[in-house]
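J.: Quick one: the structure is below, and I'll ask about it shortly.
Throughout, read-outs are computed from the coordinates displayed, never taken from laboratory work. Every value quoted in this text rests on a predicted model; they were computed, and no experiment measured them. Counting neighbours? That spans all protein chains shown, and the Cβs are built from the backbone with ideal geometry, glycine included.
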Amino acid sequence: MTEHDRAQTSKLTTGHAQKVLSPQRLLDAPLPELLAELDVTLDESSIIDPSFSGAAFVTRDRVILSMRPGQPDSERDAVARALLGHVLDVPLSPLPDPYRISEV
């Protein structure tokens, strides 16, 4: 891994720290390593509806991913990376249907 691919911290005008990484690092790093590097918590959601794939909660100082229990590993991996990309403004191709990312 090159220094360019590692997560870096920069300051936003709001005073919040923002993690920055390359699309290649986001897509290629093992998910547990990526979550640890970015200090992201992945929790099981209480939502068991099959139409719910996951959510990202951004607090003042961290990101928490909440994923459906019993979710297939491949779906969990893809959705987690897509949510992280969205939260961290990493340019990625959109998810295929029926997946979509909404902000509330």
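J.: So if I place +1 on the C-beta of Lys and Arg and -1 on the C-beta of Asp and Glu, and nothing else carries charge, what would the dipole magnitude of the stretch 23-86 be about its Cα centre? I want it in debye, nearest 20.
T.: Taking the Cα centre of the stretch 23-86 as origin, the dipole is about 200 debye.
J.: Can you list, largest first and rounded to whole Å, the semi-axes you get for the stretch 48-104 by taking the square root of 5 times each eigenvalue of its Cα gyration tensor?
T.: 18, 14, 10
J.: Can you work out ³J(HN,Hα) from phi for every residue in the stretch 44-55, in order, using Karplus 6.51 cos²θ - 1.76 cosθ + 1.60 and θ = phi - 60°, giving whole Hz and x for Gly and Pro?
T.: For the stretch 44-55, the Karplus-derived couplings read 7, 7, 8, 7, 10, 4, x, 7, 8, 9, x, 8 Hz, x marking Gly and Pro.
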